[in-house]
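Below is one structure, written out as structure tokens; comments come after it.
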Amino acid sequence: MTETYDFTERRRRALTDLPPAEGGASDTLDMELRAINRSAPVFREIAAGQWRWTPDGTRDDGLPTGCPVTPLGWDDEGFWFLSARRNVFCLKENAGKGNIDALFAPYGAYLAWAWPRMTGKGDSRRASGNFEAEEVRQDLFAACSDAGAYDPMNRVRGRGAWRSEDGRGLIVHMGDMMLTPGASGRAELRRPGVYEGKAYPVGPALPAPGAHGADWPGIEDFDTPGQALMEDYQSWLWMRGEVDARLMLGWTACAMVGGALRWRPYVFASGDQGAGKSTLIEYTQAVLGGKDALLRSEDATEAGVAQTLGLSSVPVLLDELEPEADNTKAEQMVRMARRASSGASRMRGGADGNSTETIVRSCILFAAINMPTMGDQDWARMASLVMSPFPEGAKRKSGLDLVKAAALGRALHRQMIDWFDARRRDAQLGDFDDLTEAVREALKEHGGHNDRGADTFGFLLAGYWAATQTEMPDRAELEALVKGLERDQLAEYDNIMPTWKKCLNLLLDTRPRELERRNAKSVRDILSKFRRGADPYVESGEDQHETSADWNWTCDSLKAVGLSLYRPKGEPQDFEHARLFVPNTHPSLNAIFDGSPWRAAAKGAAGGWGSALSGGPREVISKHRTNEARGVLIRLSALMPKPEKGQADAND
């Protein structure tokens, strides 16, 4: 039997013999630095202050050999370094000795050796045990200037999983140590620091991925940790059954490597009391490594999440995002998740005239009893996982052991790392990128999804497959994998419609006061009456004058809200040949679209409705220009087709 993975002991042993990343000190260098005597400083047989004139005494960045500080660059705030403690440190232009001591702590004696303050004259001149702060600043600032502008969003990486620059696999930053792709293919542990030109500062320790060949509780009857976790995730009463359980497991797998993904999926888990929402959060938190391995909050703000995450890519669990009278907070949080999915930045100006940029690179899980109102752009990027309450007296299929879940989570973490290993691609076995692309294509071919939908569900399904399998799926398996996620069957898309159609519906269904005395409720009502005047299939017991209208009555009624009828030259004045002309500017249309995304920016300015309506299909909408105005023509027979005989009219 293989050795059970002892996380605590192996971490202790690993930390005693880690190779350093560039910057910071290895154990050997640490001993050398601590051995420097302030009163008679000598380092590597070089006397105090003599490194400038000694072969191999100067590094490529101009700093002395063995310097435990690494320059990262400069910006308007100051000069940035990876300190001797391997955290990101800003040194101001007027930094004093205390700031420099903090930058080099705990190696203060190194300062007294590299930049010594000398006492005495002639042959009696010697190091005083202190340092010249001005000389230190000059050398440090020069090194930072050569490093270039400081760009934390692209050059500093916090805790989480990241892509290696050479494409050989994942870099897993665990706070106090890093897992990097080794030259031989096996992963290597090293200390945080600068690696492949990126700075990885020290942070609170995260659970390490599981070891290969370890025994894991709960997977004796399964081939992979994901299969064991899937059994637990299926114990909730999901609206779509196994399909939703797969998406939930897929999100969990993706969240472990969120910083390395091109697209970070986000999901919203909702369910009434008794559905097990809180238990789901607790279970998923355990799988992801516990509270220290993620950001979890029940009352967070967008700024709070971004500031707490900093430059890390750890998962985010946001509970209790309930709808409120003022939906602003929920909208901001969902908007943040939308930006996080693609890695888009958020820029905000400050009172000091400097802008602040934040980028969230985490997979986000929302949870609430009721989902807040969201726009189409969010529904199209999110999976909605709805849970039903358990019937009274009903029990889960299996018990949920959080200790076992944590162990399985570390095993799953290792499996996800293996899916990014370049050796898979070199051996033509297919890596996670190949898997994701295959699933996306299957969603488009068999599920009718566009690229956005293929991203949203493709990464979740790829995460599920990577968690439960070790080989690429074949065509039959891909088709089975996407079954149940056909676009036209998904609740996520029920309320989504094209922008032009939403704009047109607002125009047709708004009830302006100008129509009250025209015996009409809305523009749609006017057009319906016009169509009835020539419709032999409409049978109504009402007075015909109340249910139908002719061309002149229709034109007169539409004129009250800035609209008019148009017909091609030589064509009859009937519904079949009529077009509705919508000008780009008109005071009455301003009132209809006021408060909408298509409102006019100022009095007399063209409204946004013109460009929105122009996005409709050419067989329905076309641009048009008269002597008085520009606008669009809407073909009424295509917009409001006649019902078949005996059918109800959907436009009434």
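The values are calculated or read from the model by the stated rules, or taken from the named source; none is laboratory data. Since we're looking at a predicted model, the values are computed, not measured. Positions of Cβ are backbone-derived with ideal geometry, glycine not excepted, and every protein chain shown enters the neighbour counts. For accessibility, only protein heavy atoms count, side chains too; no ligands or nucleic acids. Shrake-Rupley method; radii C 1.70, N 1.55, O 1.52, S 1.80 Å.
Mind listing the long-range amide H neighbours of Asn130? Cut-off is under 5 Å, sequence gap 5 or more, other chains count too, H placed in the peptide plane at 1.01 Å from N.
For Asn130, the qualifying residues are Arg117.
Quick one: helix 451-468 against the long Cα principal axis of the chain, what's the angle to the nearest 10°, folded into 0 to 90?
Helix 451-468 sits roughly 50 degrees off the main axis of the chain.
With the cut-off at 1.5 for a/c, could you classify the stretch 466-518 from its C-alpha gyration tensor as rounded, prolate or oblate?
prolate
Take each of the peptides 100-109, 403-412, average the number of other beta-carbon atoms within 10 Å over its residues, and list them starting from the highest.
Details: 100-109: 18.8, 403-412: 22.8.
The packing order, highest mean first, is 403-412, 100-109.
Between the stretch 139-207 and the stretch 430-452, what is the separation of their alpha carbon centroids in Å?
Result: 31 Å between the Cα centres.
Within the stretch 89-193, report the GluC sites (Glu not before Pro) that DSSP leaves as loop and that have at most 14 other Cβ atoms within 10 Å. Show your work: numbers first, answer last.
Working: sites: Glu93, Glu132, Glu134, Glu135, Glu165, Glu188; in loops: Glu93, Glu132, Glu165.
Answer in residue order: Glu93, Glu165.
For the stretch 116-176, which trypsin sites (Lys or Arg not before Pro) are both in a DSSP coil and crowded by at most 12 other Cβ atoms within 10 Å?
Taking the stretch 116-176 and a limit of 12 other Cβ atoms within 10 Å, the loop trypsin sites (Lys or Arg not before Pro) found are Lys121, Arg125.
What FRET efficiency do you get for Leu29 and Met153 if R0 is 25 Å and r is their Cβ-Cβ distance, rounded to the nearest 0.05?
0.25
Helix 277-287 against the longest principal axis of the chain: what's the angle in degrees, Cα atoms only, rounded to the nearest 10?
Roughly 30 degrees between the two axes.
Take the alpha carbon atoms of the stretch 480-502, find their center, do the same for the stretch 28-83, and report the distance between the two centers in whole angstrom.
With the stretch 480-502 and the stretch 28-83 each reduced to a Cα centre, they are spaced 60 Å.
Going by the alpha-carbon gyration tensor, a ≥ b ≥ c the square roots of its eigenvalues, is the stretch 168-268 rounded (a/c under 1.5) or, if a/c is not under 1.5, prolate (a/b greater than b/c) versus oblate?
prolate
Give me the number: length gained by fully extending Asp426 to Asp146, i.e. 0.36 nm times residue separation minus the C-alpha to C-alpha distance, one decimal in nm.
97.1 nm
First check a/c for the stretch 206-339, with a ≥ b ≥ c the square roots of the eigenvalues of its C-alpha gyration tensor; if it is under 1.5, answer rounded, and if not, answer prolate when a/b is larger than b/c or oblate otherwise.
oblate
Grab the Cα-Cα distance for Glu441 and His624, subtract it from 0.36 nm times how many residues apart they are, and report the gain in nm with one decimal.
61.9 nm
Just to be sure I understand the model, the point goes 7 Å from the Cα along the line to the Cβ. What's the resulting Asn370 to Arg125 distance in nm?
8.1
With the full set of protein chains in place, find how many percent of the accessible area of the chain is carbon and sulfur; take the probe as 1.4 Å.
On the way: 14220 of 30810 Å².
Here carbon and sulfur together make up 46 percent of the probe-accessible area.
Select from the stretch 381-465 those GluC sites (Glu not before Pro) which occupy a DSSP coil region and have at most 15 other Cβ atoms within 10 Å, ordered by residue number.
When the GluC sites (Glu not before Pro) of the stretch 381-465 are filtered for loop state and at most 15 Cβ neighbours within 10 Å, Glu392 remain.
Taking the structure as given and computing Rg and Dmax of the Cα atoms in Å, which label from (1) 36.3, 120; (2) 33.0, 121; (3) 25.1, 78 fits?
(2)
Say the dipole of the chain comes from +1 at the beta carbon of Lys and Arg and -1 at that of Asp and Glu; which of Thr301, Tyr566, Met497 then lies farthest toward its positive end?
Ranked along the dipole, the leading option is Tyr566.
From the phi angles alone, apply the Karplus equation (6.51, -1.76, 1.60; θ = phi - 60°) to the stretch 308-314 and give each ³J(HN,Hα) in whole Hz, x where the residue is Gly or Pro.
Ordered by residue, 3J(HN,Hα) equals 5, 5, x, 9, 8, 10, 6 Hz.
Please list the non-local residues whose amide H lies under 5 Å from the amide H of Arg168, H modeled 1.01 Å from N, same-chain partners needing a gap of 5 or more.
none
Explain nothing, just compute: Karplus ³J(HN,Hα) = 6.51 cos²θ - 1.76 cosθ + 1.60, θ = phi - 60°, for every residue of the stretch 48-63 in order, whole Hz, x for Gly and Pro.
3, x, 9, 5, 5, 10, 10, x, 6, x, 10, 7, 4, 8, x, 8
Can you tell me what share of the DSSP beta bridges in the chain is antiparallel? A percent to the nearest 5 is fine.
Roughly 75 percent of the DSSP beta bridges within the chain come out antiparallel.
Measure nothing but the geometry: give the 0 to 90° angle between the long axis through the Cα atoms of 133-147 and the longest principal axis through the Cα atoms of the chain, rounded to 10°.
With both axes taken from Cα atoms, the answer is about 50 degrees.
Please sort 553-563, 622-632 by packing, taking for each peptide the average over its residues of neighbouring beta carbons within 10 angstrom, highest first.
553-563, 622-632
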